[in-house]
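Below is one structure; the comments refer to it alone.
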Amino acid sequence: MSFQKNKRHLVIVGFIIIVILPTLQDVITNVISSIIFEEYIQGFVDKYFPDKNWLFYLFLIGSMIIIVVISILLLCHTSKDPSSTDKKQRPLEIQDVPVAIDTRKFKGRHQDLEKLHQGLEKSKISAISGLPGVGKSELAKQYAHKKEYNKRYENIFWISSELADKPSVKKYWSGLSKTSKPILVIFHDCYNFEELRNSLPSQRYIKVLITTPLLSPPPAYVNYYHRLKPLSEEAAIALLKYNLEPQLREKVDTEIGAAKALCKELGYLPIALKAASDFIQIQHPLQRFSDLRDSLQADAGKFSDINHNSNLQIIDHNTLRIYNRLWNYLSEAEKRLAYCISFFASGHIPAFLIDDFAKNISNSNNIHDSQSPQNGYKNLWSMYLKTPPDRENQSLQDLKQEITIVALHPIVRKFFNLKREDWVNQLENPEGDFCYIIAKISRELPQDPKRNGITLMEDLIVPHLEVAATLILKNPDSVTWFHKTENDYEAVTLLEPFIGLAKFYKRIGKTGKAIKWLKRCERFLSKHRGKIDRLYTRCLYSLAYLYKEEEYYQIALNSAKNNLEKNDKFTGLIHKNFGRFYYNKTHPDYQLATEQFQAAIRIYSYNATLLGQDEHQKIKYERQKIICQCYLAQAQCCLRNFKAADKFYASSELERFIEQLQSSDNKQDKIDCSRIEYERAECYRLRKDFYQGAQHSHKALKIREKYLQDETAVAQSLIQLAQITKRQKKFRKAEGYYGRALTIYKKDPQISNESLSKIKQEYDELLRENPHLHLFKSVRDLIEKQ
C-alpha cells in the first residue's frame, strides 16, 4: 500500500514537471544567470548543451532546487532573530542602545529598575520623566544592558524622538515580524508626546519606552509612567565616594555628617555630585566637606532667577553653584575656551570647530594662547566636558578615530552662557566669528549627502547650524558680518547656515522644514539688505529648487537678471535647474527645457573663455557646460531631434573631456563621468537604440556602484537598465534591476512617494505581463534577507 501511494505521488510529480517543463527552462535559466555569475553559466550551457536535451533540464532543475533549499534553510536558521539580521536594511536613525556607564557608578537605582521592568511587563507604552541631570537616559541604558532584563526581549532599539517621524523609520517598524519574545524600542528625549504619538509602532509585540524631561503627566496613551526622583541619601554618599580617589573616600567616612549635609545641599542629584567630587579632588585635601557646603550656601540665590520653572530652578541652582566653585580652578585661557564653547548647541561638538572658533577670537582680539583647545586645558575637560560613549553607529565610531568629539551637557552650556555675559562685551563681534566658522563648515557640506552621513550631520553639525542661523536672524547687524566677501561667490556668506539646513532637511525628506528656514532667511534679507542684492537672489533660487514650481524659478531668474551681471555664473545655474524642472515635471515641456539649457550653455561658454580666468575656474565652467549639453541632448532626443544630439555625442570636445575624467584619480571626476554616460545612455534609450543604451548604462552603473554604493544615483542607473532590458525582452534581467532599485529607493527618505509609486507601477506591470517572474522575485527576497 505504501509503495502504491509513493508511486502515485511520483507519477503526479513527474506529470507536473513534464507539463511545466518548457516554462521552467526559461525560469531556471534566468535564476541561475542572476545568482551565479551569469556569463560563466550561460557560456557553460551554450557550449555543452546546445540542443537543450534532457541532461540540460536535469542540470537546471537540480540547480534550482539546491538554491531554493539552501535559501530556505539559511532563512530558517536565522529566523529567530529577524530584527538583528537586517542591520543593512535598518534605517541609520535606529541604533542599538548606547553604551552605559560602569555599573559601579550607577548607584541607588535598583528599585527604579524593578519598577520600570514591572511597568514594561504589564504595559505597551511606558515613560520615564525627571529633571535634567537626574539620570533618565542612564536608567534606560542600564535597563537595556542588564542581562536580567534584556533577556526578556528579542531585540532592543534606541532612537532619538526627533527622528521618529521619518518615513523610513515608520516603514521599518511595520516590517518587524512577530517573535517569541517582545521587541523593545526606546524613544529618547521626547519633548512633544502628541507629535511622537503617530510615529510609535502599532504592533502589540513591540513595547515602547519613552524618556522625557517634561514633568507634567503624559497623555492617556502612555500606559505606565515612572517619575525618576533624585538619589537617596545613602546612594548619593555611595556615588560621591566612588568618584573620589581612595584616600578621599576615607575622609567621607570620617566626616560622614558633613558629607551628608553636602549631598543634601546638592539636592542628591547625580550630575551635581559628580561635579562636587571633581571639586573635592582639586582643592586642598585638608579642606573639610563642611567648608564646601558653607561656600555653596553662601552662593544661595546667585542663580535663582535664571528659570521660571520652579523644579528646573532647583536643579539648575544646585548644579550651577558647584560649577561656579569649579570655575575658579580654570586658567584664563580655559575660561576663554569655555566662553567659546557656550556658543555651540548642547550635544556633540567636533573639537576642530571649537579650535577654529577660539583661533578666530584670538586673532580678532590679539589674544595669544599657547595651547590648542584639542590638546590642552585639562581642568576644563575633566570638570565640564566629556567624550560621548561609543555607539553601534559605525560611522560615528570610525569618525572618532579621526577627530575629537566633545559632549556638552545642557546644564554645562547654560552655566557657560551665564559666565559669557561678563566677557562678551570685551570682544569685537564674537557672534560674527562664531557664525563665520559654522557658515564655513556648512559651505563644505555636500549637496546630496550619503545616507550613512545623515546621522553624523544630525549629531555633529545641524544643531550648530540652527544656533548660527538663529543668531543671524536675531541680529540685524549680521548683514555686515560678512561684508568683506559679499561680492565673491567663492567666499563664505551669512546665507550658508540656511543653505546647509535646507540641504539636510531636504535630504531626510523634510522639505517643509527646509523651506521654513529659507523663508525666514528671505524675509530677513529683504528687510535688512533689500531685494536688489545677490544674496537675496541666491536665497530665491534655493527656494525655487525646493518648491519645484515654475513660478518660483521665474521669480529667481527675474531677480538674477535685475541684480547680477548679464553672464553671471549664478544665472547659468538657475537656467540649468529651470531646464531640469521643465524636463522632469509631470507633464514635461521639452521645448522650454531646451531653451533654458541653451541659455545656461551660453553663460558657461562665455565664462570658460573669459580672459584672465585661472585654469581651475576654466575647468569648472567647461564641466558645467558639458553637463548642460548632455541635458540639452536628452531634451532634443525627446523632441525627436536626434541629429543635434548625435552631433554633440560625436564631438571631439566631449571625447577629450571624458578621457580627462577617466584618467583622473579624483572621485568627483569619476562621478561626473558616470553622469555623462548615464545621459548618453538615456539618449540612446529614447531613440530606441537599446544595445548602445545598455552599453553606456552599464558603464555608468559600474562607476556609481564603486563610488556611490547604494545611493540613489545607483538606483537611477538600475531603473534605466531595467527599462532598456525590458524593451530588449530580457525580462528576467529587467526584474532584477527593478528589484535592486526599489530596495535602494525604499531606504532613502528623500525619495518622494510619487517617484516610488511610479517605479513600483512599472515593476508591477512587468510582473503582470510575465507571471513566472514572481518566482525569481521570491527567491531573491529570500536571499536578500540574509
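The condition of being modelled with pLDDT under 90, polar (S, T, N, Q), surrounded by 14 or more Cβ atoms within 10 Å (Cβ to Cβ) and within 33 Å of the chain's Cα centre (by Cα) holds for only one of 624, 668, 617, that being 617. Residues in the stretch 543-554 that are out of contact with any helix residue (DSSP H, G or I) (no Cβ under 6 Å at 6 or more places or on another chain) and not aromatic (Phe, Trp, Tyr): 548, 549, 550, 551, 554. Against the numbered list (1) under 34 Å from the mean Cα position of the chain (by Cα); (2) more than 29 Å from residue 267 (Cα to Cα); (3) crowded, with 18+ Cβ neighbours inside 10 Å; (4) at pLDDT 80 or above, residue 396 comes up short only at (4).
Applying the condition of being over 16 Å from residue 597 (Cβ atoms) and basic (Lys, Arg) to the stretch 557-575 and asking which residue is nearest to the chain's Cα centre (by Cα) yields 561. Among the residues making up the stretch 317-331, a single one is part of a loop (DSSP other than H, G, I, E, B) and within 37 Å of the chain's Cα centre (by Cα): 330.
Can you pull out the residues in the stretch 216-261 that are in contact with a Ser or Thr (Cβ under 6 Å, 6 or more places away or on another chain) and among the hydroxyl-bearing types (Ser, Thr, Tyr)? Scanning the stretch 216-261 gives a single hit, 224. Scanning the stretch 424-453 for residues that are within 19 Å of residue 349 (Cβ to Cβ), of a type outside the set (D, E, K, R), under 23 Å from the mean Cα position of the chain (by Cα) and at pLDDT 75 or above yields 435, 437, 438, 439, 441, 442, 445.
Of everything in the stretch 721-766 that is hydroxyl-bearing (Ser, Thr, Tyr) and within 21 Å of residue 587 (Cβ to Cβ), the residue that is modelled with the lowest pLDDT is 752. Of all residues in the stretch 514-530, those that are without any contact (Cβ under 8 Å) to a residue 12 or more places away in the chain and part of a loop (DSSP other than H, G, I, E, B) total 1. Take the conditions modelled with pLDDT under 85, under 16 Å from residue 129 (Cβ atoms) and outside any strand (DSSP E or B) and apply them to residue 215. Does it pass? Judged against the criteria, residue 215 is a match. Under the condition of being crowded, with 18+ Cβ neighbours inside 10 Å, within 16 Å of residue 634 (Cα to Cα) and among the basic types (Lys, Arg), the residues counted in the stretch 676-719 number 2.
Considering every residue within the stretch 245-267, establish whether at least one is among the aliphatic types (A, V, I, L, M) and in contact with a Gly (Cβ under 7 Å, 6 or more places away or on another chain). No, the stretch 245-267 contains no residue that is among the aliphatic types (A, V, I, L, M) and in contact with a Gly (Cβ under 7 Å, 6 or more places away or on another chain). Looking at the stretch 319-331, I want the residues that are surrounded by 18 or more Cβ atoms within 10 Å (Cβ to Cβ) and have a partner that is in a helix (DSSP H, G or I) and modelled with pLDDT under 80 with Cβ atoms under 6 Å, at least 6 apart or on another chain. Which pairs are those? If the second residue must be in a helix (DSSP H, G or I) and modelled with pLDDT under 80, the pairs left are 321/296; 330/379.
Under the condition of being over 16 Å from residue 493 (Cα atoms) and assigned to a loop (DSSP other than H, G, I, E, B), which residue from the stretch 531-556 is nearest to the chain's Cα centre (by Cα)? Give the derivation first.
Taking the stretch 531-556 as the starting set, the residues that turn out to be over 16 Å from residue 493 (Cα atoms) are 531-532, 543-556.
Narrowing further to those that are assigned to a loop (DSSP other than H, G, I, E, B): 531-532, 548-549.
Working: 531: 34, 532: 36, 548: 23, 549: 27 Å.
Applying the filter and picking the extreme gives 548.
Residues of the stretch 661-692 that are of a type in the set (Lys, Arg) and within 20 Å of residue 625 (Cβ to Cβ): 670, 675, 680.
Conditions (1) modelled with pLDDT under 90; (2) over 19 Å from residue 95 (Cα atoms); (3) within 26 Å of the chain's Cα centre (by Cα); (4) surrounded by fewer than 21 Cβ atoms within 10 Å (Cβ to Cβ), marked per residue:
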{"site": "113", "(1), (2), (3), (4)": "no, yes, no, yes"}
{"site": "118", "(1), (2), (3), (4)": "no, yes, no, yes"}
{"site": "122", "(1), (2), (3), (4)": "no, yes, no, yes"}
{"site": "167", "(1), (2), (3), (4)": "yes, no, yes, yes"}
{"site": "178", "(1), (2), (3), (4)": "yes, yes, no, yes"}
{"site": "199", "(1), (2), (3), (4)": "yes, no, yes, yes"}
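Within the stretch 130-140, does at least one residue satisfy the condition of being buried (at least 21 other Cβ atoms within 10 Å of the Cβ), within 24 Å of residue 240 (Cα to Cα), aliphatic (A, V, I, L, M) and modelled with pLDDT of 85 or more?
For the stretch 130-140, residues buried (at least 21 other Cβ atoms within 10 Å of the Cβ), within 24 Å of residue 240 (Cα to Cα), aliphatic (A, V, I, L, M) and modelled with pLDDT of 85 or more: present.
Screening the candidates 341, 367 for the property of being under 21 Å from residue 440 (Cβ atoms), touching a helix residue (DSSP H, G or I) at 6+ places or on another chain (Cβ under 9 Å) and at pLDDT below 80 yields one hit, 367. If we keep just the residues of the stretch 343-366 that are of a type in the set (Gly, Ala, Ser) and surrounded by fewer than 21 Cβ atoms within 10 Å (Cβ to Cβ), which is nearest to the chain's Cα centre (by Cα)? Ranking the candidates gives 347 first.
Residues 700, 644, 681: which one is at negative phi and touching a His at 6+ places or on another chain (Cβ under 7 Å)? Reasoning before the result, please.
Values: 700 fails: touching a His at 6+ places or on another chain (Cβ under 7 Å); 644 fails: touching a His at 6+ places or on another chain (Cβ under 7 Å).
Among 700, 644, 681, only 681 is at negative phi and touching a His at 6+ places or on another chain (Cβ under 7 Å).
The values are calculated or read from the model by the stated rules, or taken from the named source; none is laboratory data. All of these numbers come straight from a predicted model, not from anything done at the bench. Glycine also receives a Cβ, built like all others from the backbone with ideal geometry; neighbour counts cover every protein chain displayed.
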